[in-house]
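**Student:** Got a structure here, written out as structure tokens. Questions coming.
The values are calculated or read from the model by the stated rules, or taken from the named source; none is laboratory data. All of these numbers come straight from a predicted model, not from anything done at the bench. Glycine also receives a Cβ, built like all others from the backbone with ideal geometry; neighbour counts cover every protein chain displayed.
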Amino acid sequence: MDKQVINTSEAPAPIGPYNQAVKTGNLLFISGQIALVPGTETLANSSIAEETHQVMKNLSSILKSEGIDFDHAIKTTIFLSGMEHFAEVNQIYGQYFSKDFPARETVAVKGLPRNVNVEISMIASI
């Protein structure tokens, strides 16, 4: 299997033993992104809206590092700290796509890294 590790300074550094993304063949597997501001340990989480926008910016930076954008997304998984955030996250998430949406699931979980409210992972086609 041909596997290439992808890391960009334009997205937050991993906070554990993983990479921002891994490319194999024509697929890019992006690790779950939270609202960390790249190059810092600061969370952009004064509101669920700010948090969601930062997560989407982080995903965008990783996609751009490979010369692609959200239109290349095949599948996403959204993890929420509670389903009460679903409507607002869903509305903001949708703003980042200009054509067909990827497949997706959204789940509420007991806890997320750094006690954030939203984390999103993605698979994209290169």
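**Student:** Report the residue count in the stretch 15-41 for those that are within 18 Å of MET56 (Cβ to Cβ), assigned to a loop (DSSP other than H, G, I, E, B) and not polar (S, T, N, Q).
**Tutor:** 5
**Student:** Just the residues that are assigned to a loop (DSSP other than H, G, I, E, B), more than 14 Å from the chain's Cα centre (by Cα) and of a type in the set (S, T, N, Q), please, taken from the stretch 1-14.
**Tutor:** Result: SER9, single match.
**Student:** Out of the stretch 78-90, which residues are touching a strand residue (DSSP E or B) at 6+ places or on another chain (Cβ under 6 Å) and surrounded by 15 or more Cβ atoms within 10 Å (Cβ to Cβ)?
**Tutor:** ILE78, PHE79, LEU80, VAL89
**Student:** Name the single residue that is modelled with the highest pLDDT among those in the stretch 11-39 being touching a strand residue (DSSP E or B) at 6+ places or on another chain (Cβ under 9 Å), more than 19 Å from THR77 (Cβ to Cβ) and surrounded by 12 or more Cβ atoms within 10 Å (Cβ to Cβ).
**Tutor:** Restricting to residues being touching a strand residue (DSSP E or B) at 6+ places or on another chain (Cβ under 9 Å), more than 19 Å from THR77 (Cβ to Cβ) and surrounded by 12 or more Cβ atoms within 10 Å (Cβ to Cβ), the top hit is VAL37.
**Student:** Quick check on my filter: what residues within the stretch 19-43 are under 14 Å from the mean Cα position of the chain (by Cα) and free of Cβ contacts under 8 Å to residues at least 60 places away in the same chain?
**Tutor:** ASN19, GLN20, ALA21, VAL22, VAL37, PRO38
**Student:** Looking at (1) surrounded by 13 or more Cβ atoms within 10 Å (Cβ to Cβ); (2) assigned to a strand (DSSP E or B); (3) out of contact with any Gly (no Cβ under 9 Å at 6 or more places or on another chain), which is the only condition TYR93 fails?
**Tutor:** With respect to (1) surrounded by 13 or more Cβ atoms within 10 Å (Cβ to Cβ); (2) assigned to a strand (DSSP E or B); (3) out of contact with any Gly (no Cβ under 9 Å at 6 or more places or on another chain), TYR93 is out only on (2).
**Student:** Another question, then. So is THR42 touching a His at 6+ places or on another chain (Cβ under 9 Å), modelled with pLDDT of 95 or more and either of a type in the set (Ser, Thr, Tyr) or at negative phi (or both) or not?
**Tutor:** The answer is no for THR42.
**Student:** Restricting the search to the stretch 100-126, which residues are free of Cβ contacts under 8 Å to residues at least 60 places away in the same chain, assigned to a strand (DSSP E or B) and within 24 Å of LYS23 (Cα to Cα)?
**Tutor:** Matches in the stretch 100-126: ALA103, ARG104, GLU105, THR106.
**Student:** Please verify whether the stretch 44-60 includes one or more residues that are of a type outside the set (Ser, Thr, Tyr), under 16 Å from TYR96 (Cβ atoms), touching a residue at least 60 places away in the same chain (Cβ under 8 Å) and assigned to a strand (DSSP E or B).
**Tutor:** Looking through the stretch 44-60, none of the residues is of a type outside the set (Ser, Thr, Tyr), under 16 Å from TYR96 (Cβ atoms), touching a residue at least 60 places away in the same chain (Cβ under 8 Å) and assigned to a strand (DSSP E or B).
**Student:** Further question: Name every residue in the stretch 86-105 that is of a type outside the set (A, V, I, L, M, F, W, C) and either at positive phi or out of contact with any Ser or Thr (no Cβ under 8 Å at 6 or more places or on another chain) (or both), in order of residue number.
**Tutor:** Answer for the stretch 86-105, where residues must be of a type outside the set (A, V, I, L, M, F, W, C) and either at positive phi or out of contact with any Ser or Thr (no Cβ under 8 Å at 6 or more places or on another chain) (or both): GLN91, GLY94, GLN95, SER98, LYS99, ASP100.
**Student:** Please tell me if ALA103 is more than 15 Å from the chain's Cα centre (by Cα) and farther than 15 Å from ALA13 by Cα.
**Tutor:** Taking the combined requirement at face value, the residue does not satisfy it.
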